[in-house]
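This report concerns only the one structure given below.
Please treat every number below as a calculation from the coordinates, not as lab data. Small disclaimer: the values here were computed from a predicted structure and weren't measured. Backbone-built Cβ (ideal geometry, glycine too); neighbour counts: all protein chains shown.
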Amino acid sequence: MTTKTETKQFQYEIQAYQEDCVNNIISLFESLRQKQNFVEVLTAHHKKNKYNFPVQDTKNIDIMMETGTGKTFTFIKTIFELSKNFSYKKFIVLIPTVPIREGTKTNLEDTKNYFKSLYANEKEKEIETFVYEGGNISAVRQFIGTSHLSVLVMTPSSFSHKDNILNRPLEKEINTPELFVNNQEPLKSYLECMKRLNPIVIMDEPHRFEGNAFKTYFDGFENYFLRFGATFPKKKNSLALSNVAYILDSISSFRQNLVKKIVVYTQDVIENTDTLIGIEKVGSKNIAHVSTLTNGIIARRQLSVGGVFNGKSIKKILKDTVVLADDTIEKVDYSLSDESLRAMIKETIKIHFEKEKTLFEQDVKSLTLFFMESDTSLFRGDNPKVKTIFEEEYKKQYSELISKLDQTSDYYKFLQNDYDSDNTLQVHKGYFSGDKGNADEKVKAGVDEILKDKKKLLSFESPSRFIFSIWALQEGWDNPNVFTICKLSNQGSEISKLQQIGRGLRICVNQNLQRYTLKNLNDNQEEFWKINNLDIVVSSKEQGFVEGIQNEILSNSFLISETFTEQELIKTLKEKSGFDDDTVVTLVDDILKDKKMIVRKAIVDGQKIYEKSPEFSAILKEQNLPEEQVKAIESLFATDTNTYVQKAEKKKEKKKVFIKATHLQEFQNLWN
C-alpha cells in the first residue's frame, strides 16, 4: 500500500497468444489489401491453420478467445496495428450491455499509457474514445469530425429502430470532408454519416447480436467487421462462427495457464425427501431429475413414468411438471429456502476467509461475487433478506476470526476497516439494473466502484470485497481478483455456464496491478494453481451445473465426450483435423472401429453408443499412422480436464451423486 490507487497502472506484458491473434488478423488484411478474393484469402488461412470452419463472403472475420484471456486488450492492440499498417482511423465497437460498455471504457482508459509507450514512434499513438449513451449526440459528432485514430463505443439498440436519434433526419449539416470523398450526395442521418466513414466494426460478445432489426440497420456498413468472443450465435438464420482468424479454445486456455482452475461446492440442504429439480427430454421421453434425501445422504436420481416420487407413482412427465398417481402436480422447484440461502452464504463467507489471509500476504485482495434472483428487494429496500443473512453470517465469522489473529499483523489491521465510523458493515456492495439514477449516495458510490473503478476495488484501501448482482455482471464485467462465486439463483443464462462463472476466470493481480502469471511465479505450477483458484458455490438444485461447465469446455474445444455416436465422432474429427471426408471416414471405420480403439457400449433409441477403449493409446502406437493423423486422433479426447474443473472434497462422509452416463466422461471419475 505504498502507492495511492489512482497513481497505479496495470502492468501489461506481451502474451504470445495475443500476438499470434493480432498477427493473424494483420496477415489477412494484408492479403485482402492486395485485392485478393475474400473467400480465397480466408480459405487459404483456414487450410494453413487447420481450421475447419465455414468460409463465406459475409465480411465477418471471427476471433474465438476464451472468457478471461484478454479479448478487449487484444482488439485494442488490433486497432493500433490496423492503423499502423493500413492507415485505418475509424472504428466502432459494438457492445450489448451497460456493464460491457463500462468495462470497455475502463479498458481503453487503463491501457492508454501502455499503448502510448508501445506506439511512441507512430503517428497515431493514442485512441480518441467516444461513448454514445443516453442520446449524447455530441459524442457522435465529435467522432465523425475528428481526423485522428478514434473509437465510438455504442450498443446496437442505439440504431436498431427507426425512431432512434441516429436514424432521425440531421438537425445540423455536417461538412466533414472525409464524408464526401467518394459520394457527393447530401447526408440524411447520423447513421448515414457513420456508414460513409467506412469504419471497421468490432463486435464484443457476438452471440448477443441477433435479430432482424439489428441486421437491417447494420446493413450499409461496408467494411470488414471483427467479432471477438468466447461464444458465437447458434440460432437459426444467425451468422455462426465462420471466417476464423484465430482460435484460443477452452481447453487450450486452461492448458496454457491463462485462466484460473475451478472448484465447485454444492450445498446439501434438501427440504423434502424428493425434490424435482429438472426435466430433460431424452429421445421421445421426458425424464425427471430428482434430488432425494435418504438416511442423511443426498442422491441425484432419474425417474421415468412409473417411478416413485415422495411415495407416489409418476403418471405423466410433461415439459416442466410431473403428474402423480393421485393427480397431484409437481413443478420444477428452482426456489431456495431461507435455510438454503443461509447455508450457501455461510459456506461462501467461510471459503472467502479461508483463502483471504493467504492471498493478503501475497499482496492480493480477494473478492467474492454473489449472483441473486431477480428480486432487487432481497438486497435493497426495507427488508433485504439476502443482505440481512449475509451481514448476520459475516459478523459471526468475522468475530471468530478476529479473536484468533495477531493484533499486530497487517491482515488484522486491514480487517479493522470492515466497519465504518458508525459501526456499519461496509464490505458488501451491489449492482442491479434499476440502480441507474438512484439518489442514495452510498448506493451510487458502490455501483461506481463496481462498474467504473476496478483499481479501487482491487486495492486494500477499499474495504469492499463482496459484490451482489442479478446476473447483470455475467457478461462483459470482470475483475481479476474474483476468487469465489456464489450462485444464489438457480435460473440464469442458457447461453453459457462458462460465461456465468467467467467473471472470476481471469488471472489475479497484486497491489502493484501485476498479474500472477506462471512466468511471474517462476514457472511454479503448484504455486500458480494455489493462487489462481476459483471456487464456485451452487445449490443442490443446480441440475447439471458441473456437467454443463465440463461439457462446454469440451464442446468449445471441439473435443468429444467419453460416450458418443459414430456421427458425433466423424463431425468432431473433421472439425478438429481439417481432413477431407474420405480420410475421416477411413480413420473412423478402418482404424478406430476395426482396431477396437473405440468399443460399442450400448444401443439407445436405435443408435450405437461408443466409448474409448482402455487400450486406446497402446493400439494407436501400433498403427504407424502419419504424425498429423496421430495428433488428430489423440486430440479428440481431453484426458486432462479434471485438472481444471474439480469437485470440492468435503470433510464429511462421501455422498453418492448421480451422473448421467452420456455426460462428460473425462471427469466422470470425480463424480462417482
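Just to confirm a number: summing +1 for Lys and Arg and -1 for Asp and Glu over residues other than residue 411 whose beta-carbon lies under 9 angstrom from that of residue 411, what do you get?
-2
If you take every DSSP beta bridge whose two residues both sit in the chain, what share of them, in percent to the nearest 5, is antiparallel?
That works out to approximately 40 percent antiparallel.
Among rounded, prolate and oblate, which fits region 15-248 when a ≥ b ≥ c are the square roots of the eigenvalues of its C-alpha gyration tensor, a/c under 1.5 means rounded, and a/b larger than b/c means prolate?
Since a/c stays below 1.5, the shape of region 15-248 is classed as rounded.
What is the distance, in nm, between label points placed 7 Å from the Cα along the Cα-to-Cβ direction at residue 256 and at residue 326?
In this crude spin-label approximation the distance works out to 6.0 nm.
If a/c stays under 1.5 just call it rounded; otherwise compare a/b with b/c (prolate if a/b is bigger, oblate if not). Do that for region 560-637, with a ≥ b ≥ c from the square roots of the Cα gyration tensor eigenvalues.
Here region 560-637 falls in the oblate category.
Report the FRET efficiency, 1/(1 + (r/R0)^6), for residue 423 and residue 337, where r is their Cβ-Cβ distance and R0 is 30 Å, rounded to 0.05.
Between residue 423 and residue 337 the formula returns 0.45.
Modelled label-to-label distance, residue 304 and residue 619, 7 Å Cα→beta-carbon offset: nm?
Using points 7 Å along Cα→Cβ, the separation is 2.9 nm.
Can you sort 342, 503, 33 so the residue with the fewest Cβ neighbours within 10 Å comes first?
33, 342, 503
Express in nm, to one decimal, how much length is gained between residue 361 and residue 631 on full extension, taking 0.36 nm for each residue of separation and deducting their alpha carbon distance.
92.9 nm
Say R0 is 56 Å: what FRET efficiency, to the nearest 0.05, do residue 175 and residue 647 get from their beta-carbon distance?
Rounded to the nearest 0.05, the efficiency is 0.30.
About the Cα centre of the chain, how large is the charge dipole given +1 on each Lys and Arg Cβ and -1 on each Asp and Glu Cβ? Please answer in debye to the nearest 20.
Using Cβ point charges on Lys, Arg, Asp and Glu, the chain gives about 260 debye.
Past the 23 Å Cα-Cα mark, which pairs from 261/452; 235/571; 456/647; 35/235; 355/487?
Where the Cα-Cα span goes over 23 Å, the pairs concerned are 261/452; 456/647; 35/235.
Based on DSSP H runs of at least 4 residues, each adding -39500 (n - 2.57), what is the mean residue ellipticity at 222 nm of the chain after dividing by all its residues, to the nearest 500 deg cm²/dmol?
Taken over the chain, the calculation gives -9500 deg cm²/dmol.
Mind putting a number on the dipole of region 15-248 about its Cα centre? Charges go on the C-beta only, +1 for Lys and Arg and -1 for Asp and Glu, and I need it in Debye to the nearest 20.
Its charge dipole is roughly 340 debye.
Longer than 23 Å from Cα to Cα, which of 71/455; 48/519; 236/631 are they? Say none if no pair is.
From 71/455; 48/519; 236/631, over 23 Å: 48/519; 236/631.
What longest range of the chain stays clear of loop-exposed GluC sites (Glu not before Pro) (DSSP non-H/G/I/E/B, at most 11 other C-beta within 10 angstrom)?
223-493
What number comes out for the charge environment of residue 119, summing +1 per Lys or Arg and -1 per Asp or Glu over other residues with Cβ under 12 Å away?
So the environment of residue 119 carries a net charge of +2.
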